[in-house]
1. Return yes or no: is residue 139 at pLDDT below 95, surrounded by 13 or more Cβ atoms within 10 Å (Cβ to Cβ) and either closer than 24 Å to residue 41 by Cβ or in contact with a strand residue (DSSP E or B) (Cβ under 6 Å, 6 or more places away or on another chain) (or both)?
2. Can you find even one residue in region 37-46 that is assigned to a loop (DSSP other than H, G, I, E, B) and charged (D, E, K, R)?
3. Before we move on, is residue 167 modelled with pLDDT under 95 and over 19 Å from the mean Cα position of the chain (by Cα)?
4. Go through (1) modelled with pLDDT under 85; (2) more than 16 Å from the chain's Cα centre (by Cα) and name the single condition residue 50 misses.
5. Just one of the numbered conditions (1) out of contact with any Lys or Arg (no Cβ under 6 Å at 6 or more places or on another chain); (2) over 30 Å from residue 69 (Cα atoms) is not true of residue 146; which one?
6. Can you report the number of residues in region 123-139 which are farther than 14 Å from residue 106 by Cα and aliphatic (A, V, I, L, M)?
7. Select from region 102-119 the residues that are more than 16 Å from the chain's Cα centre (by Cα) and either hydroxyl-bearing (Ser, Thr, Tyr) or within 18 Å of residue 36 (Cβ to Cβ) (or both) and list them in ascending order.
8. Go through region 170-195 and give me each residue that's in contact (Cβ under 8 Å) with a residue 40 or more places away in the chain and surrounded by 14 or more Cβ atoms within 10 Å (Cβ to Cβ).
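The values are calculated or read from the model by the stated rules, or taken from the named source; none is laboratory data. Not measured: the values here are computed from a predicted model. All Cβ positions, even for glycine, are placed from backbone atoms using ideal geometry, and neighbour counts span all protein chains on display.
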Amino acid sequence: MQITDLKMDLSAVSKAQYPTDGCPEIALLGRSNVGKSSLINTLLQRKNFARTSSTPGKTQTLNFYQINQAFYLVDVPGYGYARVSKQQRAQFGAMIEEYLTTRKTLQGVIILIDGRRAPTADDVSMYQYVNYYHLPTLIVATKMDKVKKNQWNKTESLVVKTLNLNQVDQLQLFSSQTKWGQENVWEWIEEKIGYKNNDY
């Protein structure tokens, strides 16, 4: 993907604030601190475009990043927010549910999991949720630079088994440090948004 135009278009907490230009969108989901901002920065080849934070639950809005004036990557608040109140968790849950279940321009979701360990119960629940709504899904196992190469097959097997990954959705190992998997993630995104050579 050649990126010629990039902007943080807007932040939203409800349907009334979503973009209205009709451009396709890909949502990024994952537990707090799993590496969503790092994945976005790696894909966009920018160091600090999406803000990374050591504080779980820092992203509290749907952040729409517009690329080439043609499509959006949407950073969704992390789930499993241990340090926020039950009321905030309920508000985040309602905001995420509204977006995932009503957004007609949403073409697919990327669920990030920590490649160093088995998917959590929250990860399993999120995958089951998007699967129920038939949203095309790419599972991205992050931080694979911290996993020995001879353990990667084990990681793949563990993720597939724990999530009960169906035969349509895909799994991609990824590292923001080494850029491993970056091209494959882009290929999946391009397929879902209907990208063709010279489109953007």
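1. Details: at pLDDT below 95: no; surrounded by 13 or more Cβ atoms within 10 Å (Cβ to Cβ): yes; either closer than 24 Å to residue 41 by Cβ or in contact with a strand residue (DSSP E or B) (Cβ under 6 Å, 6 or more places away or on another chain) (or both): yes.
Answer is no for this residue.
2. Start the filter on region 37-46 by keeping residues that are assigned to a loop (DSSP other than H, G, I, E, B), which leaves 45-46.
From what's left, charged (D, E, K, R): 46.
Yes, there is a match, as at least one residue in region 37-46 is assigned to a loop (DSSP other than H, G, I, E, B) and charged (D, E, K, R).
3. Against the criterion (modelled with pLDDT under 95 and over 19 Å from the mean Cα position of the chain (by Cα)), residue 167 qualifies.
4. Condition not satisfied by residue 50: (2).
5. Here residue 146 meets the rest and fails (1).
6. Adding up the residues that qualify gives 3.
7. Step one: filter region 102-119 for residues more than 16 Å from the chain's Cα centre (by Cα), giving 102, 104, 116-118.
Within region 102-119, 102, 116, 117 meet the criteria.
8. 173, 174, 176, 181, 182, 185, 188, 189, 190, 192, 193, 195
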